[in-house]
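Data first, discussion second: the structure below is written as structure tokens.
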Amino acid sequence: MAMNVEIISKEIIKPSSPTPHHLRKFKLSFIDQLAPLFHFPIIWFYDSKKFVDVEPFERSRLLKESLAETLTHFYPLAGTLINEEFSINCNDKGVDYIQARVLCKLSQAIHNPNGNDLIQLLPFEPDNSCNDFGKEVLLAVQYNIFECGGVAIGVCISHKLADGISFVNFVNAWAGTCRGESEVISPIFDAHIHFPPRDITAFKPNEGYISKEKIVTRRFVFNKSSIAALRREASAAFGPEDRVASRVEVVSAFIWMRIMVMARTRTTKPKQVAAVLAVNLRERMVPQLPEHSFGNLARSAIAAETPVEMEKDYHFLVRQLRKAILEINAEYLKKLQDGPVGDLYFLGKKDKQFQNGEIESCKFSSWCRFPVYEVDFGMGKPSWVCCPGICCKNTVVMMSTKDGDGIETWVNMKEEDMAMFENDQELLSYPS
């Protein structure tokens, strides 16, 4: 069903208290500098049966007030990026807050959802946000009211400033403030201390990530039984002393394999299809960093050296993924912190290979352990959470299903590639 969304109002929400002068200049970390220019989009859906005591426009007022209060703690999100200095001017410019009416019921919107239709519930189309560094929006919100009284809160946050954990921590802090919690965990802004900014003028992090072609989004759901079947297949990759393959490992390897097969059927065939997985650094640092450390504190594990003849060997691919993830260890982090040459040289070399078509990447970001279903604005836990519309081709975002047993994968591809991918019968034998 096609959704019709009408914009009711637009306004700017500023921090409820001005940012102190000594905090006005916020330094980006080295990893922030390398982050590509796109936005993470998430939509939280809330059934009206859980909050009949407050009408939607009153709820919007509470959301705006609590957002203003939350921005005093997450003050960089209300600022302006400064390109030349790789920093943020924390000038309390504010964030966009849009209110919209959706001309259907919430149940109709989430029944057999289409990723490209759901984008209307976001404050802007994510692919239209990939503009010049200095003009980029850092944070924007859209509050959507359905005919039944249910609501959807769509939020876009800049990857230049935050990774997935930082994003969800911010929204949970906002939700806690909205429902009247007296103690909400404040962020720790020290990423630039652990990873000081560096000269990266020779490296262009956006090239090879942002696509100017039409990208479409599709959802593939792997339920508990499908994941169990993939785990049984993957078990041949490991010995009895190894841990069982994780949900993320088996689903990522399976999608990687099907993308390889799809890529070989095209007229332009890459030499390799690399799997690129985002790995959380907080738990790998020595000592570990708190989960509420804010910024881009993730690096990419790359499984790239896959021979063509092995592309259909599922066990081999699962093993390659685990090996790549394990290489993001304390030794790797020390090298990353001590000097920029090696990491930048590797990234620059791979970037050129991506650009000239020698290597094609499929990028995976797992949000399965993030508390997205804990986001309660006083309307109860969300009925559903989704992540539609990222402007990077061959990008897969994984989120746990509401019951916690399955995985919803949001796959973003070029339109012509998706036409082949979503008709892959081997692919469709596992997810719904």
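The values are calculated or read from the model by the stated rules, or taken from the named source; none is laboratory data. Just so it is clear, the model here is predicted, and its values are computed rather than measured. FYI the Cβ positions are ideal-geometry reconstructions off the backbone, even for glycines, and counts take in every protein chain you see.
The test for being hydroxyl-bearing (Ser, Thr, Tyr), touching a residue at least 60 places away in the same chain (Cβ under 8 Å) and under 26 Å from GLN120 (Cα atoms) holds for SER48. Sort out which residues of region 1-58 are surrounded by fewer than 19 Cβ atoms within 10 Å (Cβ to Cβ), charged (D, E, K, R) and within 26 Å of LEU77 (Cα to Cα), and write them in order of number. Scanning region 1-58 gives LYS10, GLU11, LYS14, ARG24, LYS25, LYS27, GLU58.
Among the candidates ALA278, ALA228, which residue alone is modelled with pLDDT of 85 or more, more than 21 Å from the chain's Cα centre (by Cα) and closer than 30 Å to PRO371 by Cα? Talk me through it step by step, then tell me what you get.
Details: ALA278 fails: more than 21 Å from the chain's Cα centre (by Cα).
Of ALA278, ALA228, the one residue that is modelled with pLDDT of 85 or more, more than 21 Å from the chain's Cα centre (by Cα) and closer than 30 Å to PRO371 by Cα is ALA228.
TYR143 meets the conditions (1) closer than 21 Å to THR19 by Cα; (2) crowded, with 22+ Cβ neighbours inside 10 Å; (3) at pLDDT 95 or above in every case but one. The failed one is (1). Scan the helices (runs of 4 or more DSSP H) fully inside region 99-188 and keep the ones with 2 or more residues being of a type outside the set (Ser, Thr, Tyr), in contact with a Pro (Cβ under 6 Å, 6 or more places away or on another chain) and over 17 Å from ILE13 (Cβ atoms). The helices (runs of 4 or more DSSP H) meeting that bar are 115-118. Scan VAL397, VAL385, VAL375 and give me the residue that is surrounded by 21 or more Cβ atoms within 10 Å (Cβ to Cβ), more than 22 Å from THR217 (Cα to Cα) and modelled with pLDDT of 95 or more. After applying the criteria, what remains is VAL375. Among the criteria (1) crowded, with 16+ Cβ neighbours inside 10 Å; (2) touching a strand residue (DSSP E or B) at 6+ places or on another chain (Cβ under 7 Å), the one ILE119 does not fulfil is (2).
Pairs linking a residue in region 219-237 that is closer than 30 Å to GLY115 by Cα and free of Cβ contacts under 8 Å to residues at least 40 places away in the same chain to a residue that is buried (at least 17 other Cβ atoms within 10 Å of the Cβ) and of a type in the set (Lys, Arg), with Cβ atoms under 9 Å and 6 or more positions apart or on different chains, are ARG231/ARG247. Yes or no: region 152-174 includes at least one residue that is among the small types (Gly, Ala, Ser), closer than 21 Å to LEU77 by Cα, modelled with pLDDT of 95 or more and more than 16 Å from the chain's Cα centre (by Cα). Taking every residue of region 152-174 in turn, at least one turns out to be among the small types (Gly, Ala, Ser), closer than 21 Å to LEU77 by Cα, modelled with pLDDT of 95 or more and more than 16 Å from the chain's Cα centre (by Cα).
Being modelled with pLDDT of 90 or more, of a type outside the set (A, V, I, L, M, F, W, C) and touching an Asp or Glu at 6+ places or on another chain (Cβ under 8 Å) is a condition met by no residue of region 108-121.
Within region 328-339, is there a residue that is part of a helix (DSSP H, G or I), among the small types (Gly, Ala, Ser) and at pLDDT 75 or above? Working first, answer last.
Narrowing region 328-339 to residues part of a helix (DSSP H, G or I): 330-338.
Subsequent filtering for residues that are among the small types (Gly, Ala, Ser) retains 330.
Imposing the further condition that a residue be at pLDDT 75 or above reduces the set to 330.
Within region 328-339, one or more residues are part of a helix (DSSP H, G or I), among the small types (Gly, Ala, Ser) and at pLDDT 75 or above.
On the basis of being part of a helix (DSSP H, G or I), in the same structural domain as MET399 (by TED's automatic domain parsing) and within 16 Å of PHE421 (Cβ to Cβ), does ALA236 make the cut? The answer is no for ALA236. Inspect all residues belonging to region 53-68 and state whether any of them is of a type in the set (Lys, Arg) and out of contact with any strand residue (DSSP E or B) (no Cβ under 8 Å at 6 or more places or on another chain). Yes, the conditions are met somewhere in region 53-68.
Just checking, how many residues over region 374-429 are of a type in the set (Phe, Trp, Tyr) and not assigned by TED's automatic domain parsing to the domain that holds GLU360?
We begin by selecting, within region 374-429, every residue of a type in the set (Phe, Trp, Tyr); these are 377, 384, 410, 421.
Filter once more, keeping what is not assigned by TED's automatic domain parsing to the domain that holds GLU360: 377, 384.
Residues meeting the conditions: 2.
The residues of region 191-215 that are over 17 Å from the mean Cα position of the chain (by Cα), under 30 Å from MET420 (Cα atoms) and at pLDDT 75 or above, listed by number, are GLU213, LYS214. Only a single item in (1) among the hydrophobic types (A, V, I, L, M, F, W, C); (2) at pLDDT 95 or above; (3) within 22 Å of the chain's Cα centre (by Cα) is not met by VAL137, and it is number (2).
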